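A.B. asks: Below is a structure I'd like to ask you about.
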Amino acid sequence: MAGVSITLRDKAAIEEQVLVSDAEGRVAFEGLFTEGFELLAVASGFEPWTQRHTGVPDRPFDVYIDLCRPERGRVAGGVAAPDGVVLAEALVEGSRGMRARCAVDGSYGTFVLEHQPVEDPFTVRAEAKDSAGRIWRGRVETEVGAATVGSVTILLRPTAGVAGRVTRPDGVSTAGLVVTLRRGWSEPLRPDGTFELTGLEPGRYVLGIGSVAGESLHRTLAVELQPGRTSQLGELVLDPGLVELSVVVLGPDAAPVREAYVDLKLDRSTYSTLTDREGRASFVVPPGEVALLARSYDRASPLAVRRLAPGERAEVRLVVVPRSVIQVRLVDGGGVAIQAFTACLHRLDALGYPTTELSDEEGLIRFGLQRTGRVKLELKDEPLLRQVARRRGVRATRCAPVTLDLPPGETLEVTLRVVDVP
C-alpha cells in the first residue's frame, strides 16, 4: 500500500525518522536505535498501527504492517430544499442502514452519519417534511472511508401523491379493500372508501383496487404523478360485472400441486397468490383479457391467455412441467468458436422479459427456463462484431436473431452465427 506514513522512534521517544511507503508498500530504515524502538503507521481511512521492539537483531529484518479500518466511519453534510421551503424535520440513511436526524434551520439541515466503513462509493438518502406537511426526498453517492467527508450536500426534490374515493354501484361497503401501485406501494381504504398515498416518486403508475392478498382485483387505472402535487382522482366506481376466476394447478401426473405460485397479468400489472391443498387459487377480476402462469420450484406451466366476459365464472387448469435449458454457442463466418460474448433471451409472451447473460469459460451461455413458450435469442455485443470484422478483414459483420419454440423439460443447443457483410 503506497503513501503510508511510517515513523521510527527511539525508546525514549526523543529521536525519530519518518518515511513514506513506495508503490510496493515498502520502506527501509537504517541506523536503528540499539536499545529498542517503536514503529507507528498512519494512513487515511485506517486505524493507527503501532509496534514496540525491545532489542535490535545484528542483521537486517522485515516487519509486516497490517492496517485495519475502524469500526465506525462518519459522513458529514447537509440537506437543502429550494429557497422559501421551511423544513420541519429531516432524516438521512446510509446504504448500510445507519440513520441520523438532521438539525434543520429554514431550508437547510446538517447531519453527521456514522456508518460501517466501505471502500466503494455508497448512497446516502434523505427524507424531509416541510412545515406544510409535504414530503421531500434526495440521494447522493459519496466516497467514504474512515475520515469525515465534508461538503456532502443532498438536494431535496418534491415527491408526488394520489388521492381518491372508491365506491360500489350497489352501495355495499368497501371495507377490506386496498389500493396498490405497481412499484410496491399499498394502503387500506378508509372506512368511507377514501385513500391518499403520499411521498411517491413522480412518474407513471398502474393503480389497482383489490384485496390485501392480491387475489381479488376490482379495478385498475393508469395514472401519471407530477412532482409537488397530489393527483385527485375523484370518485372511482367499481365494476359491477366482476369475474370469479378459479385456477387449478396440476402436475404431469394430474395430481394437484399445493403451494404453487399463480401469476395473473392484467393491464400491465402482475398479481400473485398461492394454491391451497387442492391445488386451487381464486381471483376476482374485472372482465377482459388475462394471462396466467403457475410456478412450483423448478417447474412451471405454459402461459395461458383467457378473455373473461362480464359476470362470468371461469375455471382454468394449468399443468406444471420440468424446466428447460437452452445452451448457446457463437461461431464466426469461418466456423471458429468465439469464447467470450453476451447474448440476450426474449420471451415472446404476455409475461415476457429480457434476460442477458455472459458466456462461461467453455464459451457457453446456459439459460435455465421455468416455463415453455416461444423465445428469441440475439447477440448483444456490438464491440465484438466490430472486432470479428477487423480480424476477418471485412467491412462489417452481423448476427441474425434466432426464434424457437421451447419444449418442456428438454435441453436445446443453439448456435448463433456471425456472418460477414460484404
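A.B. asks: Looking at the range 404-414 only, could you name the residues that are modelled with pLDDT of 85 or more and either part of a loop (DSSP other than H, G, I, E, B) or surrounded by fewer than 12 Cβ atoms within 10 Å (Cβ to Cβ) (or both)?
C.D. replies: Glu413
A.B. asks: Enumerate the pairs (first residue in the range 104-123 and more than 12 Å from Ala90 (Cα to Cα); second residue anywhere and modelled with pLDDT of 80 or more and of a type in the set (Val, Ile, Thr)) with beta-carbon separation below 9 Å, excluding pairs fewer than 6 apart on the same chain, so at least 6 apart or on different chains.
C.D. replies: So the pair list comes out as Leu113/Val92; Leu113/Val124; His115/Val124; Thr123/Val140.
A.B. asks: Evaluate the range 334-350: report whether one residue or more is of a type in the set (A, V, I, L, M, F, W, C), in contact with a helix residue (DSSP H, G or I) (Cβ under 6 Å, 6 or more places away or on another chain), under 22 Å from Glu413 (Cβ atoms) and not in a strand (DSSP E or B).
C.D. replies: Here is the first cut: in the range 334-350, the ones of a type in the set (A, V, I, L, M, F, W, C) are 336-338, 340-341, 343-345, 348, 350.
Filter again for in contact with a helix residue (DSSP H, G or I) (Cβ under 6 Å, 6 or more places away or on another chain), leaving 341.
Within this subset, residues satisfying the condition of being under 22 Å from Glu413 (Cβ atoms) are 341.
Filter once more, so that each one left must be not in a strand (DSSP E or B): 341.
Yes; the residues of the range 334-350 include at least one that is of a type in the set (A, V, I, L, M, F, W, C), in contact with a helix residue (DSSP H, G or I) (Cβ under 6 Å, 6 or more places away or on another chain), under 22 Å from Glu413 (Cβ atoms) and not in a strand (DSSP E or B).
A.B. asks: Right, something else. Within the range 273-290, is there a residue that is among the aromatic types (Phe, Trp, Tyr) and part of a strand (DSSP E or B)?
C.D. replies: Taking the range 273-290 as the starting set, the residues that turn out to be among the aromatic types (Phe, Trp, Tyr) are 283.
Add one more test, that the residue is part of a strand (DSSP E or B), and what stays is 283.
Checked against the condition, which is being among the aromatic types (Phe, Trp, Tyr) and part of a strand (DSSP E or B), the range 273-290 yields at least one hit.
A.B. asks: Only one of these conditions is not met by Arg317: (1) at pLDDT below 85; (2) under 30 Å from Leu242 (Cβ atoms); (3) charged (D, E, K, R). Which number is it?
C.D. replies: In the conditions (1) at pLDDT below 85; (2) under 30 Å from Leu242 (Cβ atoms); (3) charged (D, E, K, R), Arg317 misses (1) alone.
A.B. asks: How many residues does the range 376-403 hold that are of a type in the set (Val, Ile, Thr) and part of a strand (DSSP E or B)?
C.D. replies: Looking only at the range 376-403, we keep the residues that are of a type in the set (Val, Ile, Thr), and these are 388, 394, 397, 402-403.
Imposing the further condition that a residue be part of a strand (DSSP E or B) reduces the set to 397, 402-403.
So the count comes out to 3.
A.B. asks: Arg258 passes all but one of (1) of a type outside the set (A, V, I, L, M); (2) surrounded by 14 or more Cβ atoms within 10 Å (Cβ to Cβ); (3) within 15 Å of Glu289 (Cα to Cα); which number fails?
C.D. replies: With (1) of a type outside the set (A, V, I, L, M); (2) surrounded by 14 or more Cβ atoms within 10 Å (Cβ to Cβ); (3) within 15 Å of Glu289 (Cα to Cα) applied to Arg258, the lone miss is (3).
A.B. asks: Regarding Arg329, is this residue in the same structural domain as Lys265 (by TED's automatic domain parsing), in a strand (DSSP E or B) and of a type outside the set (Gly, Ala, Ser)? Quick ask: steps written out before the conclusion?
C.D. replies: Numbers: in the same structural domain as Lys265 (by TED's automatic domain parsing): no; in a strand (DSSP E or B): yes; of a type outside the set (Gly, Ala, Ser): yes.
Judged against the criteria, Arg329 is not a match.
The values are calculated or read from the model by the stated rules, or taken from the named source; none is laboratory data. From a predicted model like this one, the values you see are computed outputs, not experimental measurements. A quick note on method: Cβ atoms are made from the backbone with ideal geometry, for glycine too, and the neighbour counts reach across all protein chains shown.
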